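Every number here is computed from the coordinates shown, using simple stated rules; none is lab data. What you are looking at is a predicted structure, and each value in this text was computed from that prediction instead of being measured. Heads up, the Cβs are rebuilt from the backbone with ideal geometry, glycines too, and the neighbour counts pull from every protein chain shown.
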Amino acid sequence: MATSLTLNDGSPVPQLGLGVYKMSNDEAYSAIRHAIEVGYRHIDTAALYNNEVGVGKAVNDAVAAGDVSREELFVTTKLWNDQHHQAEVAFQQSLERLNLDYIDLYLVHWPVPAQGLANQAFSSMAKLQGMGTVQSLGVCNFYEEALESLIAECGITPAVNQVELHPGFSQKPLREFNEGLGILTEAWSPLGRGANIEDPTIVSLAEELGRTPAQVIIRWHLQLGNIVIPKSVTPARIEENFDVFSFELTPAQMDSINAMDPEDPEAGRMSNNPRLWPEVS
């Protein structure tokens with residue numbers, strides 16, 4: 001049975017969701033409609049993805065069809081880097097594209113330290129909570145110092161920190177830092193851009209368990225306590241990625257995946273380092 005976690009503001013969040021990065025509006029629509037039929041209740045999009053229209057249509061059509069109630073769904077979107085100075089305007093634009101009455105979770109997509117406006121953006125986002133159009137607030141790609149600065153300046157602790165996280169880059173120090181602040185860690189690129197499913201450690205565990213490599217990795221995330229949002233447009237894989245609640249990894253199996261981290265933690269990173277990216281001219 002699918003599990004939920006509780007955010008630091010008391011709101012429940014389904015631990016396993018569907019990511020829609022690089023999907024077109026039509027692809028997102030089809031993937032979400034099928035995912036809801038399978039049992040997914042958490043959808044993760046962003047202004048950057050240019051598919052909020054398709055996401056919102058899928059949600060509204062699923063509700064209209066009686067497949068699910070809006071209250072059962074958890075919809076996340078994100079503020080892009082060039083909108084930090086006008087977060088409230090950007091939020092309204094996302095809300096209009098989604099055609100929803102409210103968003104469950106709104107995230108600052110990147111801290112952009114060279115720009116220095118992330119804390120201002122988060123403070124502006126906090127004003128939206130009192131309007132009933134957003135339930136929870138969080139961040140993406142924030143490292144320890146960025147979180148400390150944001151909390152000190154804004155006086156609000158984000159509910160979620162969504163970061164790159166996968167076998168070989170388990171982000172243990174940051175996960176522990178988040179936990180110490182009452183922030184849930186959410187994993188994007190949870191399968192390591194697909195590379196992890198071919199790793200011999202993962203393949204061996206999958207064979208041992210009679211599961212697919214993707215299912216083993218998603219189960220690892222769940223048992224670490226991460227929120228996890230694997231992406232797929234393929235119906236069979238959407239189903240496969242959700243079929244992870246009827247088995248568990250043993251402590252030894254968890255340890256074998258944790259041991260995939262290289263000696264230099266940064267060596268496992270596949271995307272941009274948020275301390276350095278993007279450069280702002």
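Along its principal axes, region 151-198 has C-alpha extents of 43, 15, 13 angstrom, given from the largest down.
Within the listed set E207, E88, E52, the residue fluctuating most in the Gaussian network model of the chain (springs between alpha-carbon atoms under 10 angstrom) is E207. What the phi angles of region 49-54 give under the Karplus curve with 6.51, -1.76 and 1.60, with θ = phi - 60°, is a coupling list of 6, 6, 9, 4, 4, x Hz, glycine and proline written as x. Scaled against 2.2 N^0.38 Å for its residue count N, the alpha carbon radius of gyration of the chain is 0.96. In order along region 146-157, the Karplus-derived 3J(HN,Hα) couplings, from 6.51 cos²θ - 1.76 cosθ + 1.60 at θ = phi - 60°, round to 5, 5, 4, 5, 4, 5, 5, 7, 8, x, 10, 9 Hz, and Gly and Pro are given as x. How many angstrom lie between the Cα centre of region 1-48 and the Cα centre of region 209-258? Here the answer is 16 Å between Cα centres.
Cross-link partners for K57 among the lysines, with Cα-Cα distance under 25 Å and sequence neighbours closer than 8 places in the same chain left out: K22, K78, K231. Under 5 Å between amide hydrogens, built in the peptide plane, is the criterion, and for L18 it picks out H42, I43, D44 among residues at least 5 positions away or on other chains. Local charge for C154 was computed over the other residues whose Cβ lies under 15 Å away, with Lys and Arg +1 and Asp and Glu -1, and equals -4. Ordering of 256-269, 110-123 by packing is 110-123, 256-269, highest average first (other Cβ atoms within 10 Å, averaged per residue).
Computed from phi, the 3J(HN,Hα) profile of region 80-97 under the Karplus parametrisation 6.51, -1.76, 1.60 (θ = phi - 60°) reads 7, 4, 7, 10, 4, 7, 9, 4, 5, 5, 4, 4, 4, 5, 5, 4, 5, 5 Hz, with x in place of Gly and Pro. With the cut-off at 1.5 for a/c, could you classify region 1-111 from its C-alpha gyration tensor as rounded, prolate or oblate? Note, shape of region 1-111 comes out oblate.
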